[in-house]
1. Could you identify the single residue in PRO47, PRO59 that is exposed (fewer than 12 other Cβ atoms within 10 Å of the Cβ) and outside any helix (DSSP H, G or I)?
2. Find the strands (runs of 3 or more DSSP E) located wholly in region 85-138 whose residues include 3 or more that are open to solvent by 70 Å² or more (accessible area, probe 1.4 Å), and list them.
3. Assuming GLU75 fulfils every condition listed in (1) within 21 Å of GLU57 (Cα to Cα); (2) open to solvent by 70 Å² or more (accessible area, probe 1.4 Å); (3) in a strand (DSSP E or B) apart from one, which condition is it?
4. Restricting to region 110-138, give me the number of residues that are of a type outside the set (S, T, N, Q) and over 27 Å from ARG40 (Cα atoms).
5. Give me the residue from region 7-25 that is in contact with a strand residue (DSSP E or B) (Cβ under 8 Å, 6 or more places away or on another chain) and open to solvent by less than 30 Å² (accessible area, probe 1.4 Å) and, out of that set, nearest to GLN101 (Cα to Cα).
6. Can you tell me which condition THR4 does not meet? The list is (1) open to solvent by 90 Å² or more (accessible area, probe 1.4 Å); (2) at pLDDT 90 or above, and all the others hold.
7. Quick check on GLY81: is it surrounded by 12 or more Cβ atoms within 10 Å (Cβ to Cβ) and on the phi > 0 side of the Ramachandran plot?
8. Picking from ASP2, ASP33, ASP24, ASP16, which residue would you name as being out of contact with any His (no Cβ under 6 Å at 6 or more places or on another chain), among the charged types (D, E, K, R) and touching a residue at least 60 places away in the same chain (Cβ under 8 Å)?
Amino acid sequence: MDITIYASFLPHTDPDASLAFYRDTLGFEVRGDVGKGEMRWITVGPPGQPDTSIVLEPPAAPGCGITDDERRTIEEMMAKGTYAGVNLAAPDLDGVFARLQAASDAEVIQEPTDQPWGVRDCAFRDPAGNMIRIMELR
């Protein structure tokens, strides 16, 4: 089988803040922006990789079959940073870390660290609380 990852979905609580983080801080391209207000779906992706995207979406859009209790659980998990995340990779982890730290108020969870499983990575939370782990390509 020839299967690739086309899009991953991450929730947002403030579409403008999420857009600024992914576009201005991470340097991703904006590929789509539909809806308005908090009901926006924004598609972003790394330059030069048109077949890989992240869709920033409302966490529990009306009519999607989520109950009020489930919506509250999602909101609580997002506030703690335990609901969603994505793993990224870069050849210069220290440079990326310095840029992220200087260019945004993203919460640093972990500075660049050599992990016992063989990767070197760092971790941030985006404006919605999603865990963004960045590993160094070796």
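1. PRO47
2. Counting at least 3 such residues, we get 107-114.
3. Failing condition for GLU75: (3).
4. Qualifying residue count for the region: 14.
5. TYR22
6. THR4 satisfies all of (1) open to solvent by 90 Å² or more (accessible area, probe 1.4 Å); (2) at pLDDT 90 or above except (2).
7. Answer is yes for this residue.
8. On the way: ASP2 fails: touching a residue at least 60 places away in the same chain (Cβ under 8 Å); ASP33 fails: touching a residue at least 60 places away in the same chain (Cβ under 8 Å); ASP16 fails: touching a residue at least 60 places away in the same chain (Cβ under 8 Å).
Exactly one of ASP2, ASP33, ASP24, ASP16 is out of contact with any His (no Cβ under 6 Å at 6 or more places or on another chain), among the charged types (D, E, K, R) and touching a residue at least 60 places away in the same chain (Cβ under 8 Å), namely ASP24.
The values are calculated or read from the model by the stated rules, or taken from the named source; none is laboratory data. As the structure is a prediction and not an experimental result, all values here were calculated from the model. Neighbour counts run over all protein chains shown; Cβ positions are idealised from the backbone, glycine included. Please note that ligands, DNA and RNA were not included when accessible areas were found on the heavy atoms of the full protein model with its side chains. Shrake-Rupley method; radii C 1.70, N 1.55, O 1.52, S 1.80 Å.
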